[in-house]
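**Q** The structure's right below; bear with me while I get my questions together.
The values are calculated or read from the model by the stated rules, or taken from the named source; none is laboratory data. Remember, it's a predicted structure, so these values are computed and weren't measured experimentally. So basically every Cβ, Gly included, is an ideal-geometry build from the backbone, and we count neighbours across all protein chains shown.
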Amino acid sequence: MTTTVWRNGAFVEAAGAIDATDRGLLLGDGVFDTSLAIGGRVFQRDQHLKRLEAALGVIGIPADGAEIAAAMDALAAREGNGSLRITVTRGPGPRGIKAPADVHPTILGSSAPLNAGAMFAPIRLGLSAVRRNETSPLSRLKALSYLDAVLAAREIEASGATEALFLNTRGTLACSSLANVFVVEGFELATPPLKDGVLPGILRGWVLAHAEDHGLRPIERSIPKKALDQADAIFLTNSLRLVSPATLTGKADSADVPEALRRLMAGLCEAIAAECGTDPRALGAAL
């Protein structure tokens, strides 16, 4: 773990980097983005920046896009191979929930070394009693409050699961605590639409755009809970773990990954190599 972070244009000591009156700390008033750096380059860099800027527009934080891009590039250059996190808050403010008239956003960036072993690693899912609120705009943003996910992780820990799976308030599939969810039935590759309380994940978008190249028919549709028991395969997508085959608790682990899904995973590695110059399999990722 590095002892310095990026804050508003420069690397500073991590200790004391956040103002005690920052609304991100006190109210969760901000959003963040996590991305994968390989060879000092961010995979799907422009897509990450566009999504973060769109999220800032939704919550009305006037942060400078060029400054955010500079933070991402500086972190990628420093870390080389690793994970990046950019957090943008509304900045310091007075007590109360009303946003200050004079806003000075905080742009905070941090990084960590690559965990190649987590890429494509299988996940065991536990169904949480916590429901994803699809009526909230925050369900489609990487907002700062992850307390639902924290509580759900504690809830499912005793079951032997490694990640929580959320239904929404209508009882259909939404996402996991850290990733988008896909269900494979034959050659159909289904994932819940954004209106079901789903973050527009960067890897989710890549999979939907490229699934047909590898023999799968992508579709966005509401997925009932019972479909999880009928699926040929379930997998998660996440910018750092990439594609994770998943099994529900109470079900036997399966070593069988559909061939079309294996081709998709290999195609993702090739796409990363084309954009970043290095195939993640050369760094230790195993399909």
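**Q** In region 236-260, how many residues are out of contact with any His (no Cβ under 8 Å at 6 or more places or on another chain) and either in a loop (DSSP other than H, G, I, E, B) or closer than 12 Å to residue 287 by Cβ (or both)?
**A** Number satisfying all stated conditions: 17.
**Q** Here's something else I'd like to know. What residue, among those in region 45-60 that are among the hydrophobic types (A, V, I, L, M, F, W, C) and touching a helix residue (DSSP H, G or I) at 6+ places or on another chain (Cβ under 9 Å), is surrounded by the fewest Cβ atoms within 10 Å (Cβ to Cβ)?
**A** Among residues in region 45-60 that are among the hydrophobic types (A, V, I, L, M, F, W, C) and touching a helix residue (DSSP H, G or I) at 6+ places or on another chain (Cβ under 9 Å), the one surrounded by the fewest Cβ atoms within 10 Å (Cβ to Cβ) is 58.
**Q** Which of the numbered conditions does residue 80 fail, given that it passes all the others? Conditions: (1) out of contact with any helix residue (DSSP H, G or I) (no Cβ under 6 Å at 6 or more places or on another chain); (2) closer than 24 Å to residue 140 by Cβ.
**A** So residue 80 meets the others, but not (2).
**Q** Looking at region 128-154 only, could you name the residues that are farther than 21 Å from residue 195 by Cβ, in contact (Cβ under 8 Å) with a residue 12 or more places away in the chain and either touching a His at 6+ places or on another chain (Cβ under 8 Å) or not in a loop (DSSP other than H, G, I, E, B) (or both)?
**A** 129, 151, 152, 153, listed by residue number.
Residues are listed down the side, and each one gets a yes or a no for (1) polar (S, T, N, Q); (2) modelled with pLDDT under 95; (3) surrounded by fewer than 23 Cβ atoms within 10 Å (Cβ to Cβ):
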residue	(1), (2), (3)
64	no, no, yes
76	no, no, no
84	no, no, no
88	no, no, no
95	no, yes, yes
100	no, yes, yes
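**Q** With the structure loaded, tell me whether residue 228 is assigned to a helix (DSSP H, G or I), more than 21 Å from residue 214 (Cβ to Cβ) and modelled with pLDDT under 95 or whether it fails that test.
**A** Answer is yes for this residue.
**Q** With the requirement that a residue be in contact with a Ser or Thr (Cβ under 6 Å, 6 or more places away or on another chain), surrounded by fewer than 22 Cβ atoms within 10 Å (Cβ to Cβ) and part of a strand (DSSP E or B), what does region 155-200 give you?
**A** 172
**Q** Then there is this: Under 13 Å from residue 123 (Cα atoms), surrounded by fewer than 22 Cβ atoms within 10 Å (Cβ to Cβ), touching a Gly at 6+ places or on another chain (Cβ under 6 Å) and not basic (Lys, Arg), is that true of residue 249?
**A** Spelling it out, residue 249 is indeed under 13 Å from residue 123 (Cα atoms), surrounded by fewer than 22 Cβ atoms within 10 Å (Cβ to Cβ), touching a Gly at 6+ places or on another chain (Cβ under 6 Å) and not basic (Lys, Arg).
**Q** Counting only residues that are among the acidic types (Asp, Glu), in contact (Cβ under 8 Å) with a residue 40 or more places away in the chain and farther than 28 Å from residue 143 by Cβ, how many does region 189-231 have?
**A** 1
**Q** On to the next question. With the checklist (1) part of a loop (DSSP other than H, G, I, E, B); (2) over 30 Å from residue 251 (Cβ atoms) in hand, flag the one item residue 120 doesn't pass.
**A** So the condition that residue 120 fails would be (2).
**Q** If I go through region 102-127 residue by residue, how many of them are of a type in the set (D, E, K, R) and either touching a helix residue (DSSP H, G or I) at 6+ places or on another chain (Cβ under 9 Å) or crowded, with 16+ Cβ neighbours inside 10 Å (or both)?
**A** Residues in region 102-127 being of a type in the set (D, E, K, R) and either touching a helix residue (DSSP H, G or I) at 6+ places or on another chain (Cβ under 9 Å) or crowded, with 16+ Cβ neighbours inside 10 Å (or both): 1 in total.
**Q** Among the residues of region 1-33, count how many are within 22 Å of residue 239 (Cα to Cα) and either buried (at least 18 other Cβ atoms within 10 Å of the Cβ) or among the aliphatic types (A, V, I, L, M) (or both).
**A** Final tally of qualifying residues: 7.
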